[in-house]
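Report on the structure given below.
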Amino acid sequence: MHDETVAVYDSIAGSFADRHWRTRLEQHMAVLVAGLPPGARVLDAGCGPGRDCAWLAELGFRPVGLDASAGMLAEAQRRAPGIRCIRGDLRLLPVSSSSVDAVWMCASLLHLSRTGAATALAEARRVARAGARLYVGVQEGGGEERRPDGRHFTYWSLEELRAAVDAAGFDVDPRSGTVSGPITWVAVHGIAR
C-alpha cells in the first residue's frame with residue numbers, strides 16, 4: 001500500500017469506523033463461512049477498524065486482523081478488544097503458511113496496483129490451507145487513480161478479478177459477481193486448490 005494511503009487511514013480511522021461500523025456484507029460472509037467448523041481461523045486481510053473481525057468473532061470463529069495502518073489497528077483494538085490484530089503488508093503476510101481456514105479481503109486490494117494485488121493474492125493462497133475459502137471485494141471500474149486526499153485506488157472488472165484469483169491458486173465460486181449501489185463492487189469467492 002502506498003505510504004500516502006496509509007497516512008490518510010491513520011488520520012481518519014475513527015471517523016471511518018463510525019461511518020462504516022454497522023455495514024455488514026451478509027451474503028458474502030455467509031458464502032465465506034459456509035461449512036467452516038466452529039473456531040476456524042479466519043484472516044481479515046486489510047481489517048481496517050476491525051468491523052468484520054468483531055463480526056467473525058460473534059459468529060464463533062477465531063479472526064486475525066491485519067492492516068498496514070496503525071491508526072486503523074488502534075481503532076480495531078478499541079472497538080473489538082481481545083481480537084488479535086497485527087500490522088503488516090498484504091504483499092508479505094506475517095502469517096504461517098497453510099495456517100488459516102479462510103481469508104476475507106474486503107476492499108483491501110483497492111489500494112494496491114494490479115501487480116501488488118497479484119502478490120497479495122498469492123500470499124493469501126500461501127497462508128490458506130487447501131480447501132480454505134476466500135472473499136475479495138473491490139470497486140468496479142478500470143484503471144487507477146490518486147484521489148485528492150492522497151489515497152491510491154485501483155479499479156477492477158469482474159473478469160479481471162476472477163482471473164487474478166484463479167491465477168493465485170483459488171477455484172472461483174460461480175456465486176461471484178457484482179453488487180450495485182452508490183458504488184458498484186466486484187465480489188469474488190474462491191476455494192484454495
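The values are calculated or read from the model by the stated rules, or taken from the named source; none is laboratory data. Since the model is a prediction, treat every value here as computed from it, not as a measurement. Cβ atoms come from the backbone with ideal geometry, glycine included; neighbour counts cover every protein chain shown.
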Of everything in the stretch 89-115 that's touching a residue at least 60 places away in the same chain (Cβ under 8 Å) and of a type in the set (Gly, Ala, Ser), which residue is nearest to LEU66 (Cα to Cα)?
SER108
What single numbered condition from (1) outside any helix (DSSP H, G or I); (2) of a type outside the set (Phe, Trp, Tyr); (3) in contact with a strand residue (DSSP E or B) (Cβ under 9 Å, 6 or more places away or on another chain); (4) surrounded by fewer than 24 Cβ atoms within 10 Å (Cβ to Cβ) fails to hold for ALA57?
(1)
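Just wondering, is there one or more residues in the stretch 62-72 that are in contact with a His (Cβ under 6 Å, 6 or more places away or on another chain) and modelled with pLDDT of 95 or more?
no
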Identify, by number, the condition in (1) outside any helix (DSSP H, G or I); (2) crowded, with 21+ Cβ neighbours inside 10 Å that LEU73 doesn't meet.
(1)
Being touching a residue at least 24 places away in the same chain (Cβ under 8 Å) and surrounded by fewer than 22 Cβ atoms within 10 Å (Cβ to Cβ) narrows LEU25, LEU43 down to just LEU25
Failed item in (1) over 14 Å from the mean Cα position of the chain (by Cα); (2) surrounded by fewer than 24 Cβ atoms within 10 Å (Cβ to Cβ); (3) in a helix (DSSP H, G or I), with VAL95 passing the rest:
(3)
